[in-house]
Amino acid sequence: MSSASSFQSHKGHPRRERFSVSRLISALAWPVKTIVRRLLGEGFYQEARVTLLHEHGGVGLDWKWGNSLRRVHPIRRDFGWQSGQPIDRYYTEEHFLPAYHTDIRGRVLEIGDDRYTRQFGKEHVTVSDVLHVNPGISGTTIQADLTDAGHLQSDTYDCAILTFTLQFIFDVPAALNTIARILRPGGVLLVIVPGISQIARYDMDTWGEFWRFTSLSARRLFEQVFHAEDITITTYGNVLSALASLHGLHSTELTKGELDHWDRDYELVIGIRAVKRLDGRIGA
Ligand SMILES: C[S@@+](CC[C@H](N)C(=O)[O-])C[C@H]1O[C@@H](n2cnc3c(N)ncnc32)[C@H](O)[C@@H]1O
């Protein structure tokens, strides 16, 4: 049966679908849970909840909304931005960039804004450039399309930071060639791309959103430009953090243990560090 026809038959029985005992129990339990939570403190409550769920074989996703997964609308559509740190940013800001913060130094290029240049490079950055594809954006020092940027000078940057950018560029190999060209020999490229994600609506409507990546596609793409041994790829995520991210939960709504559990088959985000060869050569 197609998903369209099963949806139709669903709609034919609205009353039966609307009432659910588990929903009622969940609603009644909510004030109790809130009090227990306050008494125990959020960290302890979450750890206890996870332990109990594991011991009882998992009884569903008991997020604070008390909702089950049988829903077609996300809890939030904004990646969690309005209420906290999006889960994909947790992996970027608490794991990937801290692991490579010493690479962010000297002359640094970042796309869209300079937040990670400032946050992780601090006083080790001598020049900070911000590239935007569109003209007239405040805070931007360079306007360029990375797939067609012959005007950017070669061998210029010690570090380039491309977080959540390559999925918006159709011709990824051309963009990687530009970045490799404008890095200095020995310069480092730090990239985060999504593996599992909803569409970023603003970006989709502004410049287009084209890709999701895997560790393997990232490796193939980067090996066209960088030497295999100069590329390090790390994946982050698990089924819970992927699901939570799709629902727009933010990082403090999961425990650190839940966020940091690594499952090779759930590549929520992929971090790539690539170093330009000292002889300056680009290409495999
Ligand atoms: C969501 S922002 C990502 C960068 C931001 N620093 C971050 O971490 O979220 C998307 C960026 O993609 C850039 N972009 C889209 N298409 C591009 C292209 N063809 N060349 C260069 N940048 C592009 C836009 O300028 C925008 O700043």
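Laboratory data are not the source of any read-out in this text; all were calculated from the coordinates shown. Small disclaimer: the values here were computed from a predicted structure and weren't measured. Cβ sites come from the backbone with ideal geometry, for glycine too, and all protein chains shown count toward neighbours.
For residue 219 and residue 95 in the same chain, what is the full-extension length gain: residue separation times 0.36 nm, less their Cα-Cα distance, in nm? Display every interim value, and only then the final one.
Values: separation 124, 0.36 × 124 = 44.64 nm, distance 1.97 nm.
Between residue 219 and residue 95, full extension yields 42.7 nm more.
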Quiz item: So what does the Cα-only Debye profile of segment 134-284 read at q = 0.11 Å⁻¹, as log10 I(q)/I(0), no solvent term?
Solution: -0.47
Exercise. Rounded to whole Hz and in sequence order, give me ³J(HN,Hα) for segment 234-242 from the Karplus expression 6.51 cos²θ - 1.76 cosθ + 1.60, θ = phi - 60°, writing x for Gly and Pro.
Key: 10, 10, 9, x, 7, 4, 5, 5, 5
Practice problem: Please give the peptides 195-206, 247-258 ranked by average Cβ packing (other Cβ atoms within 10 Å per residue), highest first, as a rough proxy for protection. | Solution: 247-258, 195-206
Quiz item: Under a plain spin-label model, where a point goes 7 Å from the Cα along Cα-to-Cβ, how far apart in nm are residue 154 and residue 279?
Solution: 1.5
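How would you rank 149-157, 84-92, 224-232, highest first, on the average number of other Cβ atoms within 10 Å across their residues? Don't skip to the end; give the middle numbers.
Details: 149-157: 13.8, 84-92: 22.4, 224-232: 15.7.
Sorting 149-157, 84-92, 224-232 by mean packing, highest first, produces 84-92, 224-232, 149-157.
Hey, with R₀ at 25 Å, roughly what FRET efficiency would residue 71 and residue 44 work out to, going by the Cβ-Cβ distance, to 0.05?
Working: r = 29 Å, r/R0 = 1.14.
It comes out at approximately 0.30.
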Quiz item: Could you state the number of Å between the C-alpha centres of segment 144-195 and segment 236-284?
Solution: 19
Self-check item: Pairwise label distance in nanometres, residue 102 with residue 119, each label 7 Å out on the Cα-Cβ vector
Solution: 2.2
Quiz item: If the chain between residue 202 and residue 228 were fully stretched, how many nm would it gain, using 0.36 nm times the residue separation less the Cα-Cα distance?
Solution: 5.9 nm
